[in-house]
Amino acid sequence: MAEQQQLDPQLDDLSKLESPKETANELPVGWLILFWGLIVWGVWYAWAFTPGLGGWSQTQDLEGGGASMGTNVLATLAFTVIPATAAILLIAAQRRKGKKQA
């Protein structure tokens with residue numbers, strides 16, 4: 001029983017387990033864009049589809065008083081063109097970075 005109560009000094013020192021070198025790196029630009037983009041989208045979504053904030057109601061959408069066709073097309077383009085452009089730019093940046101290191 002006495003042997004079980006004695007702690008191994010290597011396991012007791014947390015500074016050896018936590019390496020500050022692993023967490024000292026900056027986040028890639030793509031992750032930052034995703035992070036902030038999701039926050040902005042969440043704020044917009046809460047505003048647009050919360051009845052108390054944006055005035056949205058399901059009955060209004062069903063009666064045709066919701067978003068117009070132009071708004072729907074604009075939203076569809078925004079949610080497809082912007083992420084696709086960001087992905088293409090990130091891929092191009094990674095390729096340029098790879099060529100510089102080689």
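Annotations
- Within the range 39-60, residues that are free of Cβ contacts under 8 Å to residues at least 24 places away in the same chain and within 18 Å of residue 75 (Cα to Cα) sit with their Cβ atoms under 7 Å from residues that are in a helix (DSSP H, G or I) and not small (Gly, Ala, Ser), at 6+ positions apart or across chains, in these pairs: 46/53; 47/53; 54/47; 56/49.
- The sole residue among 73, 43 that is hydrophobic (A, V, I, L, M, F, W, C), assigned by TED's automatic domain parsing to the domain that holds residue 94 and either surrounded by 10 or more Cβ atoms within 10 Å (Cβ to Cβ) or modelled with pLDDT of 80 or more (or both) is 73.
The values are calculated or read from the model by the stated rules, or taken from the named source; none is laboratory data. The model shown is predicted, which means the values in this text are computed figures rather than measured ones. Backbone-built Cβ (ideal geometry, glycine too); neighbour counts: all protein chains shown.
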